[in-house]
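Here's the structure we're looking at; comments come further down.
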Amino acid sequence: MKASSLAAMLGPLNQVAMGEKKADLVLKNCRLVNVYSREIIPHTHVAIFRDRIAYVGRDASHTVGQKTAVIDLEEKFVTPGFADPHIHMDQFVMPSELARHALLCGTTSLFSDPIDIVSVCGYRGFREFARLTEALPLRVFHMVPGGLPVDRKFSHARTMSRAEQRNALKMDGVLGMGEVFSWTKVTGRDAETMGNLRQVLEAGGIINGHTAGAGDRKLNAYIASGIFSCHEPIDYDQLIERVRLGMWVMMREGSIRRDLERMVPSILSHKPYLDRLMFCTDGVTPKDLLEFGLIDHCIRKSVSLGMELIDAITIASRNCFQYYGMGDDLGGIAPGKLADILVFDDLAKARPDKVFVGGRLVVAHGSPVFSGPRPALPGWVTNTVRVGRRLAPGDFVVRGKGEAANATVIRMDTEIITRRDSEQLRVVDGNVIASRDKDVWKVAAIDRTYGSGKRCVGFLKNLGADIGAFASTQSFHENDLIVIGSDEREMALVANELLRTRGGMAASRGGKILARVAMPFAGLASRDSAEDVASGIREFDDRIVEAGCRFGQPHLIPLFLPFLALPEVRILYSGIVDVKNRKYLDVIT
Ligand SMILES: [Fe+2]
């Protein structure tokens, strides 16, 4: 959503406040949650002209003219809109669908780090994603992804060049750089990384951080490189170490991690200033979006852990905009601010009854009152799953000699964490095969970004699921088509199904597709509703769990198998990678 500039509006706002010009909208009898004075003030009137607030006080009758809409809120609680300062929203569902749910949850501003669409489509993907969010009835700001490539030696994700980053920083609503998660590139002063950081700082941008595991001199070096926030602290010691060094901390509560349970009680017992703290989700699955919500959940959770409601609301609104240098425009209900306002029947539930963004009513009685056409997408963004041909069972053969072969296997400890292991496997007709007895299955990574058809086929242990096969095009952040299975024919079946649907997830057994979620938007997101995508992923997971999978969320397995930032062994189409020793491993040893 486009915003007016305060400079262009100061004359009319001043006149409305003085009663010399009439407001467009007056909200009467608000119980105002004031995030500047830490008070809840009854009998408050708010007058709005165009998209900004002109007057807040005891009586706005002098701003009411014949055309002014007046809503009597009958002493309902009124707060500023909530903000998520770090969210990956370029996955699972389209931005319009996320926006619908975000607004129902009272989150009126999203600060997006579109690392996934950039890793598939490069700068063109960044611009397209920004375009898709322009007309949405909430505020979406973007950060140039700062985490690509994850590891230059192995990564084949698309990235943005220095010149493309420079051009992106000039775009409306682009604020700086998203999480710089390879912090060793900063402490090691990697020339490419330092050049990118310098460019953002010279453009006046903000750089988001990711300092998991960094402390003392490394943390100092990282912060001294212009990175002033972090969403990785998982306990109070890490949080306060960063706050003492001038950092802002985003407390994460989303699908990747949930940290509030551990952090909030210790924050309350230590009583630090709260004005450097924010809540962020770091991205949510459709299931979690529907079950928990977004920043509203962070408020409820923090309050259930003992935080004062007004503090939680301040953290969820004002603090975020102050971090981003937007505190004059957003984050509170005061003269001059953009009119992003939530109205609550029951503040403790933190689910608004009414939502205004820029003075425009977008949610009423807890339901959306906006609609937009289904966004038109360019062909290139829905045609990213390219292998060049249909896949055949022979594409999943691992060549071996004799009757048995010693194979490197990726042993799974969780859906996400893997270890290096090895197994003796049978060779049948020159093909090293999976072993139900040993719980060893085949796993393939196939290039789907560049259309080369290049692939690596290896082995995965400890899955437990005697399923035919399952596959996904969602993978952090290399985007290979990942296929896991017990049988080469089934593997070809699910892989071809994803070529047909142009991405997503599919599972098969007995030669039949049992579950599928089509994700044609860059192979990352569906065009369906969050409800349909959540039930599709649940169906996908359930079928694999029913087949014996020892992990509850099998869709996470292909998502993380190529993720080079985690230990210990990863698979890319270019080979099996030993992450710690930074070398490729032979599949057959
Ligand atoms: Fe993140």
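The values are calculated or read from the model by the stated rules, or taken from the named source; none is laboratory data. The shown structure was predicted, so the numbers you read here are calculated from the model rather than taken from an experiment. A quick note on method: Cβ atoms are made from the backbone with ideal geometry, for glycine too, and the neighbour counts reach across all protein chains shown. Ligands, DNA and RNA are stripped out before the accessible areas are found, and what is left, the full protein with its side chains, is counted by its heavy atoms. Shrake-Rupley method; radii C 1.70, N 1.55, O 1.52, S 1.80 Å.
Observations on the model:
- Nonpolar atom fraction for the chain, defined as the carbon and sulfur part of the 1.4 Å probe accessible area, stands at 48 percent.
- Bridge orientation summary for the chain: considering DSSP beta bridges with both residues in this region, about 70 percent are antiparallel.
- Global geometry of the range 286-328, whether rounded, prolate or oblate, following the gyration tensor of its Cα atoms and the 1.5 cut on a/c: oblate
- Ranking PRO137, GLY176, ALA221 by how far each Cα lies toward the positive end of the dipole of the range 94-225 (charges on Cβ) leaves ALA221 at the top.
- Convex hull volume of the Cα atoms of the range 213-281, normalised per residue: 80 Å³.
- The chain: angle of helix 115-134 to the longest principal axis, Cα-based, in degrees nearest 10: 30 degrees
- For the range 279-288, Karplus couplings with θ = phi - 60° (6.51, -1.76, 1.60), whole Hz, Gly/Pro x: 9, 9, 9, 6, x, 9, 6, x, 4, 5
- Restricting the range 343-421 to trypsin sites (Lys or Arg not before Pro) that sit in a DSSP loop and have at most 15 other Cβ atoms within 10 Å of their own Cβ leaves ARG389, ARG390, LYS401.
- Take the Cα of PHE563, step 7 Å toward its Cβ, do the same at THR382, and the gap between the two points is 2.9 nm.
- Accessible surface of HIS45, taken over heavy atoms with a 1.4 Å probe and every protein chain present, rounds to 20 Å².
- Distance (nanometres) between label positions extended 7 Å along Cα→Cβ at ALA334 and ARG152: 4.4 nm
- Since only ALA404, ALA203, ALA534 are under comparison, the one whose Cα sits farthest along the positive direction of the charge dipole of the chain, derived from C-beta charges on Lys, Arg, Asp and Glu, is ALA203.
- The range 305-349: C-alpha gyration tensor shape, a/c 1.5 cut-off, then a/b vs b/c: oblate
- Note on THR449: accessible area approximately 10 square angstrom, rounded to 10, probe 1.4 Å, nucleic acids and ligands left out.
- Per-residue ellipticity at 222 nm, computed for the chain from helices alone with -39500 (n - 2.57) per DSSP H run of at least four residues, works out to -8000 deg cm²/dmol.
- For the range 541-585, a simple Cβ point-charge model (Lys and Arg +1, Asp and Glu -1, everything else neutral) yields a dipole of about 300 debye relative to the Cα centre.
- Kirkwood hydrodynamic radius over Cα pairs of the range 230-362, then Stokes diffusion coefficient at 20 °C and 1.002 mPa s, in µm²/s: 139 µm²/s
- Size of charge dipole - the chain - debye, nearest 20, with Cβ of Lys, Arg +1 and Asp, Glu -1, no other charges: 1260 debye
- Rounded, prolate or oblate (a/c below 1.5 giving rounded, otherwise prolate when a/b exceeds b/c) for the range 421-522 by Cα gyration tensor: prolate
- Of the trypsin sites (Lys or Arg not before Pro) found in the range 112-167, those that fall in a DSSP loop while having at most 15 other beta-carbon atoms within 10 Å are ARG152, LYS153.
- Accessible area of ASP528 in the full protein assembly, 1.4 Å probe (Å², nearest 10): 80 Å²
- With 0.36 nm allotted per residue and the present C-alpha distance subtracted, the LEU290-GLU546 stretch has 89.8 nm of extension available.
- Coarse-grained scattering of the range 391-479 at q = 0.10, 0.18 Å⁻¹, given as base-10 log I(q)/I(0) from a Debye sum over alpha-carbon atoms: -0.27, -0.88
- Our compactness index for the chain, the C-alpha radius of gyration over the empirical 2.2 N^0.38 Å, is 1.03.
- Remark: accessible surface ordering of ARG189, ARG516 (largest first) is ARG189, ARG516, probe radius 1.4 Å.
- Beta bridges by DSSP in the range 1-144, antiparallel share as percent, to the nearest 5: 45 percent
- Note, ³J(HN,Hα) from phi for the range 495-510, Karplus 6.51, -1.76, 1.60, rounded to Hz, x at Gly and Pro: 5, 5, 4, 6, 5, 5, 7, 6, x, x, 10, 8, 10, 9, 7, x
- Exposed-site-free run, longest, the chain (rule: GluC sites (Glu not before Pro); DSSP loop; at most 13 other C-beta within 10 Å): 21-307
- Label-to-label distance, nm, for residues given as MET171 and ALA221 (7 Å Cα→Cβ offset): 3.3 nm
- For the chain, with +1 on Lys and Arg beta carbons and -1 on Asp and Glu, the positive-most of ASN581, HIS270, GLY548 along the dipole: ASN581
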